[in-house]
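Here's the structure we're looking at; comments come further down.
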Amino acid sequence: MRTIIYLEVSRYLHLNSVRVRGMGSLDYQDKWQHAKGYQWSSLPGYMSERRVIPVIDYDLLLSMVGGRRAYRAFIIDGLKRGIENPFKKVQNRIILGDANFARKAKRFLKRGSVREQPSYRDLVVSTLEPEVVVGILQRECGISEESLKVRNSNGVIRGIAAELLYKYCEITQAQIGHLLGAIDYMSVSQLRRRLKEKMQQDVEIRKRYAEVEAKLKRLM
C-alpha cells in the first residue's frame, strides 16, 4: 500500500505542469512532450540518465516501479486515462496513507492546530512541482526563465521564487539554489531573509508576493 501511494503521489506531482490553464485541450501525447521536457521539473531525470540533477535521489522511486522505462509507462498511462488527486485521501488534514498508517501517525501529533504540529512543512497536504511555481511567477512578474538564474539582479523576484519554492515544493534550499543559477543553500536563505525584510517595509513588494501566492493556492 505504501508503495502504491508513493507512486501515485509522485506521478500526480510530476504531472502538475500539464494541469495549468491552456493544457486541458491537448491530447496525452502533447501533454507528455511538455511534461518530460519542462526545465523546472525533476521528471526528465527519471526518464533519462543524461537529464539527472545531482541533488536528487532517483533510486527510491525507480526501484519501486522497476526502472525508467516502467516509470515512463506509468506516467503515460496516467495521461491517457486521467488520475485522481491522491491528496483527497488525506486524513486529519495532514496524514496520507491507509487506516493502519493513520493510526500510527496520530501518535506523533500534538493537540492544537495543524500548523502547530511538528515538522509541519514536511506534512503539508498539497505540494506543487517547481515548474508550476516558476511558471506562475514568470507570468505574473513578466520575467524569463533565464533572468531567474542571473545573480545580483532581480533580487526581489528571485527572493519571491526562493520563498515560494521552499514553502510549496518538496525541495531543499540546495535544490532551490540549483534552479536559481547554481547558488548555494546559504545564498537561498539570504534571498528569503532579505525578501521578508523588504516586505515589512514595502507594501508593493508584499502585494506582488501575495498575488503570486494567491495564484498558487488556487491550484491546490
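The values are calculated or read from the model by the stated rules, or taken from the named source; none is laboratory data. Computed from a predicted model, the values in this text were never measured in an experiment. Cβ coordinates were reconstructed from backbone atoms using ideal geometry, including for glycine residues, and neighbour counts include every protein chain displayed.
For Ala35, indicate whether it is modelled with pLDDT of 90 or more, among the small types (Gly, Ala, Ser) and more than 27 Å from Ala174 (Cβ to Cβ).
Working: modelled with pLDDT of 90 or more: yes; among the small types (Gly, Ala, Ser): yes; more than 27 Å from Ala174 (Cβ to Cβ): no.
Here the answer is no, as Ala35 does not meet what is asked.
Say whether the condition of being closer than 25 Å to Tyr185 by Cα, in contact with a helix residue (DSSP H, G or I) (Cβ under 9 Å, 6 or more places away or on another chain), touching a residue at least 24 places away in the same chain (Cβ under 8 Å) and surrounded by fewer than 19 Cβ atoms within 10 Å (Cβ to Cβ) is met by at least one residue in the stretch 20-39.
Let us first name the residues in the stretch 20-39 that are closer than 25 Å to Tyr185 by Cα, namely 38-39.
Then keep just the ones that are in contact with a helix residue (DSSP H, G or I) (Cβ under 9 Å, 6 or more places away or on another chain); that gives 38-39.
Now drop any that are not touching a residue at least 24 places away in the same chain (Cβ under 8 Å), which leaves 38-39.
Still in the running and surrounded by fewer than 19 Cβ atoms within 10 Å (Cβ to Cβ): 39.
Looking for residues that are closer than 25 Å to Tyr185 by Cα, in contact with a helix residue (DSSP H, G or I) (Cβ under 9 Å, 6 or more places away or on another chain), touching a residue at least 24 places away in the same chain (Cβ under 8 Å) and surrounded by fewer than 19 Cβ atoms within 10 Å (Cβ to Cβ), one finds at least one in the stretch 20-39, hence yes.
Within the bounds of the stretch 193-201, is there any residue that is under 30 Å from Val9 (Cα atoms) and either free of Cβ contacts under 8 Å to residues at least 12 places away in the same chain or in contact with a strand residue (DSSP E or B) (Cβ under 9 Å, 6 or more places away or on another chain) (or both)? Steps first, answer last, please.
First, pick out the residues of the stretch 193-201 that are under 30 Å from Val9 (Cα atoms): none.
No.
Tell me the helices (runs of 4 or more DSSP H) entirely within the stretch 120-220 that contain at least 1 residues that are modelled with pLDDT of 85 or more, in contact with a Pro (Cβ under 7 Å, 6 or more places away or on another chain) and surrounded by 16 or more Cβ atoms within 10 Å (Cβ to Cβ). Before the answer, list the steps.
Values: elements: 130-141, 145-148, 155-168, 173-179, 185-201, 203-217.
The helices (runs of 4 or more DSSP H) meeting that bar are 155-168, 173-179.
Just to verify a result, which residue in the stretch 53-86, among those that are assigned to a loop (DSSP other than H, G, I, E, B) and among the charged types (D, E, K, R), is farthest from Ala174 (Cα to Cα)?
Step one: list which residues in the stretch 53-86 are assigned to a loop (DSSP other than H, G, I, E, B), which gives 53-58, 66-67, 82-85.
So of that shortlist, the ones also among the charged types (D, E, K, R) come out as 57, 84.
Values: Asp57: 13, Glu84: 31 Å.
Residue satisfying both the conditions and the ranking: Glu84.
Restricting the first residue to the stretch 149-161 and requiring it to be in contact (Cβ under 8 Å) with a residue 24 or more places away in the chain, which pairs with a second residue that is of a type in the set (Val, Ile, Thr) meet a Cβ separation below 6 Å and a spacing of at least six or different chains?
That search, which allows pairs on different chains as well, returns Val156/Ile205.
Does Arg50 meet the test of being surrounded by fewer than 11 Cβ atoms within 10 Å (Cβ to Cβ) and in a loop (DSSP other than H, G, I, E, B)?
Numbers: surrounded by fewer than 11 Cβ atoms within 10 Å (Cβ to Cβ): yes; in a loop (DSSP other than H, G, I, E, B): no.
So Arg50 does not fit the description; no.
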